[in-house]
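Any read-out appearing in this document is the output of simple, stated calculations on the displayed coordinates, not a laboratory observation. Just so it is clear, the structure is predicted and the values come from calculations on it, not from any experiment. Glycine also receives a Cβ, built like all others from the backbone with ideal geometry; neighbour counts cover every protein chain displayed.
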Amino acid sequence: MFVVMEIMSPSRAGRIVSRPVWRSPLRGPWLTSVLGAVLLAGLPLVAVTGLLDYIAYGPELGQALPTGVGWLHPPVFAWPTRPAWLFRLTQGLHVGLGLALVPVVLGKLWSVMPRLFGWPPVRSPWHAIERLTLVPLVGGALFEIVTGVLNIQYDYVFGFDFYTAHYYGAWVFIAGFVTHVAVKLPRMIRALHSRSLRAELRIPLARTRPEPVAPGERDSLVATEPAAATMSRRGVLALVGGGSLLVAALSVGQTVDGLRRTAVLLPRGRTGDDGPTGFPINRTAASAGITPTEVGAGWRLILSGGPAPVTLDAAALAALPRHTAELPIACVEGWSTTQAWSGVRLADLAAHAGVRLPEVALVRSVERGGPFATARLTRAQLLDPDALLATSVNGVPLSLDHGYPARVIVPALPGVHCTKWVGSIDFQGRS
Ligand SMILES: Nc1nc2c(c(=O)[nH]1)N[C@H]1C(S)=C(S)[C@@H](COP(=O)(O)O)O[C@H]1N2
Ligand SMILES: [Mo]
């Protein structure tokens, strides 16, 4: 018998007979391939948008976040500032699609369970290689799901750097995924051709039978002693698809202003405030250790890089030419929102500092320490006409939690680099 992993169970007559553990009549190469095809279409998009998010961080500038990953970095290019919603799209797709595919990943794992626990564990060298690729594939996928979900749900629970771990985990997964697809693709295509999806969707529970196995052959997914079906194959697909849709429906409010309250799975989406500053907050002033005195009357903005540092107080900053822009702020944790920000153009601040041709801006928060306290902006970012040191949003001064008295906002810049409670900007370039 092929499925050798068995449990002992007493028969009606009281004798002990052995039964295979995996008895669902639904398992088979076709069902596994349908779920596999969905993942083959979806997971590359999750991986690519994830890598794009990494590039969007501008790691080549030596940011505090993400930390360096050595030679394993993707081909880095200068992240553009247009369209302004670019990062909102890439991170929204990465998190949204990543979450929505979790039920499919679980369904796929369920469908191949007999194989994961197949016995003997290794039947041939080829079989050994095939099985070994499952370690990075399954391990990588589960690691990415767990770290990703934890990062969305909780306030930095990791003992390690999330970005670096999630990034390395991605390559482990990608390596497993690419080999798995290379090994399985022909089989998947054959299995998909073995049944018609349309016909399958018309088969009710009463007519649900195991997938046929050619005489003399065996398929480790198809149960040797199938139990009676308790669910149709279309029922399984509906369950998995419905699960995905449910997750998607409960997450979409993270990215769509106005649906914010429906994003029940993603706690950062909620602030409980309906006012002009009632959009999501990544980290409150209190949790960042910002004291009212630091950002009160004694607050100063120091602009350096020019012939001599320039110090502005809030009134002097407010006296500079002002500009308003509707710009999204998008966090890797999955939420994003578009708001109307007003403040002083970063380009004007560079000029004010006496730097004619700024190349990089090093922005520092009054926040002490931590990877969120500094960020570097490229020339294209700091010279964008909508790149602002914002002091107000939606017509009112920034709230303390949104970075009062001044915070950076730049088109298509990841939220993490939109530094709040800015204390200084160093424009590096030629004066
Ligand atoms: N100084 C400082 N700036 C910061 C942060 C922070 O923790 N400290 N969080 C960043 C992150 S990760 C995001 S997504 C945005 C969120 O801005 P918001 O809280 O105003 O929505 O602020 C960014 N700026
Ligand atoms: Mo963020």
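Here are the numbers for the structure shown:
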item: Gap separating the Cα centres of region 128-172 and region 308-337, nearest whole Å; result: 35 Å
item: Value of [θ]222 nm, deg cm²/dmol, for the chain, DSSP H segments ≥ 4, -39500 (n - 2.57) each, nearest 500; result: -11000 deg cm²/dmol
item: Euclidean distance between Cα centres, region 398-429 to region 347-391, Å; result: 8 Å
item: Choice from Arg88, Arg260, Arg123 with maximal GNM fluctuation in the chain (Cα, 10 Å cutoff); result: Arg123
item: Exposure proxy order (Cβ contacts within 10 Å, fewest to most) of His127, His352; result: His127, His352
item: Local electrostatic count at Ala350 - Lys and Arg +1, Asp and Glu -1, tallied over other residues with Cβ under 13 Å; result: 0
item: Residue order, fewest to most beta carbons within 10 Å, for Lys184, Lys420; result: Lys184, Lys420
item: Highest-first arrangement of 412-419, 281-288, where packing means the average Cβ count within 10 Å; result: 412-419, 281-288
item: Overall form of region 129-175 per C-alpha gyration tensor (a/c, 1.5; a/b vs b/c); result: prolate
item: Charge dipole magnitude, Cβ of K and R +1, D and E -1 - the chain, Cα centre, debye nearest 20; result: 1800 debye
item: Semi-axes of the equivalent ellipsoid for the chain, Cα gyration tensor, largest first, Å; result: 54, 22, 18
item: Span-like helix ranges in the chain, DSSP H, alpha carbon extent 24 angstrom or more, Kyte mean at least 0.5; result: 29-56, 162-194, 233-251
item: Cβ-derived FRET efficiency at R0 25 Å, Arg430 paired with Leu45, nearest 0.05; result: 0.05
